[in-house]
Amino acid sequence: MLIVLVAIAVTAFGILVLGWVVYPSRTAKAAGVGAGENSSNAAGLVATPISVILATRESDEAILRRIEDLRGGDYPSHLMEIVVALDATRSSGLDTLQEKLSLGTRAVHGAVAGKSSALNAGVAAATHEYLLFVDTAQSFERDAITKLVTAVGTDGWGAMTATLAPTSGDALMDRYWARELAIRLGQARRHSIICVTGCAYVMHRRFWREMPAGLICDDLWSTYSVVTNGGRVGIVTAARVTDPRRFTRDDEYARRLRTMTGMLQFVRWFPAVLSPRRNPMWKDFLLHKLTRPATPVLLLIGGVATWGAIMLASPVTAWTLLATGVATIALVWLLATLAPGRLGQKAKGLLFAQRLLVMPLYAIARAARADWDVWKPHR
């Protein structure tokens, strides 16, 4: 029995080390110069028209500000067709918005509620080969669009994504994003990144596939559509996008819960994402993405197996370790609630990390019962 418990613990913790340490470290080390960053002469693209798809449910004022930002860059405005794709919940305001739009910009709306339907309508209305997908809240650096279009024009690339500059002001989250960027660069150098940045990416129209209604991770779908149809997806770190919004840790928690639920939805709806025959990035998807929702489950399995093995060898030690663990968790909670100053802040950071660790269980529960309404609280 002891050997069985040790084997279970080693397997569980081994998978975690592979997904959280070995894979990220080797992939980041392989990054070198980011794929998609090249010295192509942008002047050769001055005659390249693009269609910008702005999927949104925001106010007219926010939409007009975003359009002004897009046309304020160095990409020739007369070569930029902008299609505002309204969520179906905003379809009643279509005519009013259209009256406010300038020449070269038009508005459509999705057939049903949800971003995927709005994107389908936007692409259907677009007329050009290059499709640039953007959201409402962010802003581009002046040359971001030119750099994206230049990069995606290189042979072999089906899509290119920009880099969202970390502006959270939270040191923990900013370090996380810096690490994610290094991993993405390594993925792109080998073949493709796993998922574009949904608020800023350009793709060849021939790789576009209509999105299913109710799809949560539209950015993952776009990437999957490219790599499973012979293209590659890269990242251009010099094409920078900023988001002026500031998110609390609660906001970040909710965002991650939505994203993880969407990823599990994607696996449930499209299991071929894990097929070596269909998806050339299946191994990266498995190690980089699915290790995350599996983490609390693997920790629980490995922890219980380890505790059981110790229990067989020394019951007193096993109960002492369990009591110490429970007391430590309770102490962190108390410090986060009651302690002032830096000690309280550090405890709150640990408490947030605990919440993030448990969060995948909520996503798994939603996926198990096919609850894809990610904009309502978990029940």
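Here is a yes/no grid of residues against (1) crowded, with 18+ Cβ neighbours inside 10 Å; (2) more than 29 Å from MET263 (Cα to Cα):
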| site | (1), (2) |
| --- | --- |
| LYS283 | no, no |
| HIS288 | yes, no |
| GLY303 | no, no |
| LEU312 | no, yes |
| THR317 | no, yes |
| GLY325 | no, yes |
| LYS346 | no, yes |
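Which residue, of ARG268, ARG232, is open to solvent by 40 Å² or more (accessible area, probe 1.4 Å), at pLDDT 95 or above and in contact with a strand residue (DSSP E or B) (Cβ under 7 Å, 6 or more places away or on another chain)?
ARG232
Would you mind finding the one in ALA88, ALA151 that is in contact with a His (Cβ under 9 Å, 6 or more places away or on another chain) and either among the acidic types (Asp, Glu) or in contact (Cβ under 8 Å) with a residue 12 or more places away in the chain (or both)?
Of ALA88, ALA151, the one residue that is in contact with a His (Cβ under 9 Å, 6 or more places away or on another chain) and either among the acidic types (Asp, Glu) or in contact (Cβ under 8 Å) with a residue 12 or more places away in the chain (or both) is ALA88.
Among ARG240, ARG255, ARG246, ARG278, which is the only one that is open to solvent by 60 Å² or more (accessible area, probe 1.4 Å), more than 28 Å from SER25 (Cβ to Cβ) and modelled with pLDDT under 95?
Answer to the selection: ARG246.
Limited to the range 190-209, what total is found for residues that are within 24 Å of ALA31 (Cα to Cα) and either crowded, with 18+ Cβ neighbours inside 10 Å or modelled with pLDDT of 95 or more (or both)?
Total satisfying the criteria: 12.
Could you please tell me which pairs satisfy a Cβ distance under 6 Å, a separation of 6+ or placement on different chains, a first residue in the range 69-80 that is open to solvent by 40 Å² or more (accessible area, probe 1.4 Å), and a second residue that is acidic (Asp, Glu)?
Listed pairs, sorted by first residue: ASP74/ASP143.
Among the candidates ASP155, ASP218, single out the residue that is out of contact with any Leu (no Cβ under 7 Å at 6 or more places or on another chain), among the acidic types (Asp, Glu) and open to solvent by 10 Å² or more (accessible area, probe 1.4 Å).
ASP155
The values are calculated or read from the model by the stated rules, or taken from the named source; none is laboratory data. Remember, predicted model here, so these are calculated numbers, not experimental data. Methodologically, a virtual Cβ is constructed for each residue, glycine included, from the backbone with ideal geometry; neighbour enumeration extends over all protein chains shown. Only protein heavy atoms, including side chains, enter the accessible area calculation; ligands, DNA and RNA are left aside. Shrake-Rupley method; radii C 1.70, N 1.55, O 1.52, S 1.80 Å.
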